[in-house]
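Inspection log for the structure reproduced underneath, given as structure tokens.
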Amino acid sequence: MVGLLLPAALSQHVRRGLALLASLLVGSGTPLLAESARAADRLDVQLDGLSLPLDLHQLDAWSRDPKGSRNELAIWFELLDESSRDDLVTLLRSPLLPDRGFALQLLQSWAGRQVLEAVGELFAGGKPGSGVLLLTTLRERLQRPEPIRFVELLLEVPTPQLTLDLDGLLQLAALWRHQLEEQTLALERLRDLPLRIREDSDTSTRLAAIHPDLRPRTIALTVAHRSAPLELELWPAVKPRQGSWVVLMPGLGGSSAQLGWLAQGLAARGWPVVLIEHPGSNETAVRQMLDGQRPPPGAETLPDRLADVEAVLAAERQGQIPRLGPSVVLMGHSLGGLSALLASGLRPVPGLARRCERALDVIPLINISRLLQCQLQEVPLPEPARGRPRTLAAVVSLNGFGSLLWPGRGLERLKAPLLIIGGGLDLVTPPVSEQLALFLQHPDPRSRLVMVEGGSHFSVVRVKEHEQALWRLGDGLVGVEPVRVQELLLGLTSDFLGSVDTAIPMAPQRRSRDGVTAYVLDGRSARRWRSRIGP
């Protein structure tokens, strides 16, 4: 998912400025608590049980002219050292949302509204629904051409009093820290599992050495649900196994080029692959969002994605594309993995609204997938196609999610083995709350869970040089060098598909290659891991 991207230097100023403002308010004495400020011009800052009134006009005047301002607030700011004072000025002068078009589109998206309303409530006393007022003011303010600063926005909110709940922000930060600590502890427990150790030295999965001349065949498939033909890449198998073939789906904002390494590797090892480019939720859609031309794509794109998969399956059955095999493997990354589960015939277990009410009680900073899962409440999914389980060989979900959609034993209806792959550094679909929780719902003894130590949500994505400006991902989000992870994942995925074709389950193991380690768990070892993590 794409978020607001601040320049590195500015984000540093923002962090330092917020800390400065908080410490100033905590240490301020009687002058800031004076009642001379009018109610309509006041921001009450709640911190550690205290309510500290702050005159917004004085703050605005000081930010515009720190040296010339002589109001009461300016006297206190003079006590700061010069560097800290400059940081706070930068924070207060910076445009709140530099990209106006992107901001407007974000306000139109379901997920964007959920997050912004929750943030807005922190500036309105935390009362349910109070964030809508700030959100409405922001939307109206964005219609004007001039940049908007944070203090200016607060001054325009039509309410006699605003409250900045710093206690709520601190609680949110504490929750974030606690979740990260839990994830770190879970990975330590994973390392302690008694698994057979295997060093992967199979050179046939070296991406650079896998039939470099193997190229896909491009197919434009006419489909009833789209105005333009659906673009497909057909990767023919070098030596077909006469078994299953693969439908491969990128994640939200992904492209077929980003998963070409996996399609090529599987085709070289005997599995034909059809790689789908999903218009409306692909890389082009993300570029249009960043340019302010459309809202961010989300779960509302799933009906079209499912129709794309159904059209490809029908085209293969009817000979519109080459016949590829008697059964199919549905495989995808992130939202593509969710598409694979839904295309298999699964639908969310009843009670999603109730589960989402609890799950979205706080902003899901470390599990953004919950926003997409809960948006499905408003998305009319098509009825499952009949007859699918008879031709479904397996489902593979890379960095998949669905814990809110299928709690309890919600995956019992999936009558095919499931491979779920996750990364220890995944902060979008975290491994314990999403991949492990989802895997434990599937009773098939052939299913496997793979956890990659140092892998992230983006480890499976192959990003070319010209795409770097679009993604702008830091090392902390990328994790271990992706190509090294992809080498290992290709071997593991191939082994799983081979186990499906031969009906010999894949052995639980700890597998390493080029310094990257993955843990392959069956149901028993996954439950043991869960028990060691604790409640």
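Values quoted throughout were computed directly from the atomic coordinates according to the rules given, and no laboratory measurement underlies them. In this text, all values refer to a predicted model and were calculated from it rather than measured experimentally. Methodologically, a virtual Cβ is constructed for each residue, glycine included, from the backbone with ideal geometry; neighbour enumeration extends over all protein chains shown.
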- Note on the structure: Proxy exposure order for 493, 218 (fewest C-beta within 10 Å first) is 218, 493
- Message: How far apart, in nanometres, would the label points at residue 318 and residue 139 be if each is projected 7 angstrom from Cα along the Cα-to-Cβ direction?
- Response: 4.2 nm
- Note on the structure: Lys and Arg at +1, Asp and Glu at -1: neighbours of residue 197 with Cβ under 9 Å from its Cβ sum to +3
- Item | Under 5 Å, built H, 5+ apart or other chain: amide partners of residue 54 | 43, 44, 45
- Task: Report the local net charge at residue 219: Lys and Arg +1, Asp and Glu -1, summed over other residues whose C-beta lies under 12 Å from its C-beta.
- Result: -3
- Query: Can you sort 238, 274 so the residue with the fewest Cβ neighbours within 10 Å comes first?
  - Reply: 238, 274
- Task: Using the Karplus curve 6.51 cos²θ - 1.76 cosθ + 1.60 with θ = phi - 60°, work out ³J(HN,Hα) for each residue of the range 484-497 in order, rounded to whole Hz, and write x for Gly and Pro.
- Result: 5, 5, 5, 4, 5, 5, 4, x, 5, 5, 4, 4, 5, 4
- Query: What are the residues whose amide H is under 5 Å from the amide H of residue 517, where those residues sit 5 or more places off or on another chain and H is modelled from the backbone?
  - Reply: 453
- Task: Quick one: which residues, 5 or more positions from residue 245 or on another chain, have an amide H under 5 Å from its amide H? H modelled 1.01 Å from N in the peptide plane, none for Pro or chain starts.
- Result: 327, 328, 329
